[in-house]
């Protein structure tokens, strides 16, 4: 097992500990909306090219749409919050946890409810018009 994924006696991997540290920094920072957006854009700019190719147009779609969401980071990942500051949707880059696909996730503040069972996370391997349309539909339902 690679050193970066090895669990310590705490039971957390290096990636999980790094994510917790990122979240602690985010909670301590009292960022303005403009600073939070810049931090999100910086996180996207630092991504691997494959993840950035998905995250950048996603970011533009969310901020360019009429979804009422503000950009910020959440555990070091691009995230988009409602007027109350609660994260509705986030983007988890594949490289962050060495996954084979990136993930678009929705928190419980998203209103995607559909009966007794519904998806809250979606794997994305490429950005295209069909993906953009599906994501736009999900965002419309979520907010």
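Every number here is computed from the coordinates shown, using simple stated rules; none is lab data. Worth saying up front: this structure is predicted, and the values here are computed from it rather than measured. No Cβ is skipped: glycine too gets one built from the backbone with ideal geometry, and neighbour counts run over all protein chains shown.
The ranking of 80, 75 from fewest to most other beta carbons within 10 Å of each one's beta carbon is 75, 80.
If one computes P(r) from the Cα atoms of segment 52-143, what percent of pairs lie at distances over 19 Å? Here the long-distance tail beyond 19 Å is 34 percent of all Cα pairs in segment 52-143. Tell me, what is the Rg over Rh of segment 14-100, with Rh the Kirkwood radius over Cα pairs? The Rg/Rh ratio comes out at 0.95. Annotation for residue 24 and residue 129: the two label points, set 7 Å from Cα along the Cα-Cβ direction, are 4.8 nm apart.
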